[in-house]
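The numbers here are math on the coordinates, done by the rules we state, and not lab data. Small disclaimer: the values here were computed from a predicted structure and weren't measured. Please note: Cβ atoms are built from the backbone with ideal geometry, for glycine as well, and neighbour counts cover all protein chains shown.
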Amino acid sequence: MSSSHPAVEIPPSLAASFASAFGEEGTSWLAGLPALAERSLERWELRRDGPPGSGQAGLVLPVLRADGTGAVLKLQLPRAETTAAAVGLRTWDGDGAVRMLDHEPGTGTMLLERLDAGRPLASVEDDDTAMGVLAALLARLVAHPAPPGLPGLGDIAAEMLDHVPHAATGLTDARDRRLLTDWASAVAELAGEPGDRLLHWDLHYDNVLAADREPWLAIDPEPLAGDPGFDLWPALNSGWDDVVAKGDARRTVRRRFDLLTEVLELDRDRAAGWTLGRLLQNALWDIADGETAHSPSALVISEALTDR
């Protein structure tokens with residue numbers, strides 16, 4: 001296949017995010033990205049079919065396959081999360097998620113079916129309708145047992161609990177420190193049964209896109225093995241600014257939680273406990289980044305799930 005398509009240009013937003021997130025490793029990978037994209041286009045006999053897009057960790061090229069069907073070439077920095085994403089997509093094989101058509105192990109490159117990037121689930125105005133769609137997809141995803149080789153919630157929980165005593169010293173308010181301890185206690189009670197389902201780990205409204213094969217499909221997983229209750233927080237937190245603007249955020253969180261646990265047929269207490277575990281995980285990351293207080297959304301979600 002001849003190289004008739006224009007050279008791939010790196011979007012400035014991607015260059016900026018890589019510089020801050022991945023340092024010299026990211027800068028070096030970005031320097032070789034145009035050549036990597038060129039090789040991938042030739043390998044799979046693809047033609048460019050629109051301007052590139054990007055997230056914080058990768059480049060997305062709309063392409064046409066040799067038979068004329070649309071697809072997406074996704075190029076990401078090779079790392080553990082990229083490998084896990086390929087494992088998860090291969091396991092789901094299109095069941096509720098975007099289908100991976102091919103991938104090149106070791107390079108972080110995947111060829112995916114093309115969805116409608118202009119129509120995320122966030123575009124659905126009625127929150128109950130949107131949450132119902134997300135819940136139905138999540139139920140399908142977590143119905144799959146996790147394949148070997150993925151990070152496990154048991155190890156993640158143990159690591160979180162180890163970090164709590166030191167992290168608590170980074171919070172300035174005693175109430176925030178007590179909350180951190182409460183969230184850790186919830187995780188400690190559940191850590192002995194971490195679960196074995198294939199979790200998406202980041203399923204929110206912007207990670208569900210309209211599709212031709214089905215009305216909606218999930219994208220951008222960060223898979224791990226664990227209890228489905230650990231997968232609810234991104235849904236509860238979806239479109240948070242809109243949730244706050246509409247008023248009574250706690251009521252919205254409770255309604256979302258009720259819908260999710262009903263559709264996924266989850267034990268409510270366990271699901272609430274593992275959701276507090278996600279708040280703990282987020283807080284530990286925030287504290288490591290220099291934050292000295294919990295986020296407003298974390299406080300509301302915690303209150304909604306513990307004051308029922």
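Computed on alpha carbon atoms, what radius of gyration and Dmax characterise the chain, expressed in Å?
20.2, 65
Whole Å is fine, so just give me how far the alpha carbon centre of region 232-308 lies from that of region 53-127.
With region 232-308 and region 53-127 each reduced to a Cα centre, they are spaced 27 Å.
Using a Förster distance of 30 Å, how high is the FRET efficiency between ARG255 and GLU193, based on the Cβ-Cβ distance and rounded to 0.05?
Calculated transfer efficiency: 0.65.
Long-range amide H contacts for ALA97: which residues qualify at under 5 Å (H placed 1.01 Å from N, peptide plane, sequence gap of 5 or more or a different chain)?
ALA218
List the residues of region 122-146 whose backbone N lies under 18 Å from a point placed 7 Å from the Cα of GLU265 along the Cα-to-Cβ direction.
Answer for this model: 135-146.
By how many degrees, 0 to 90 and rounded to 10, does the Cα axis of helix 12-43 deviate from the longest principal axis of the chain?
40
Report the net charge of residues surrounding ASP95, where surrounding means a beta-carbon distance below 14 angstrom and charges are Lys +1, Arg +1, Asp -1, Glu -1.
Its environment carries a net charge of +2.
Amide H to amide H, which residues 5 or more places from HIS144 or on other chains are under 5 Å from it, using H placed in the peptide plane?
Under 5 Å from the amide H of HIS144: LEU198.
Indicate, rounded to the nearest 5 percent, the antiparallel portion of the DSSP beta bridges found entirely in the chain.
95
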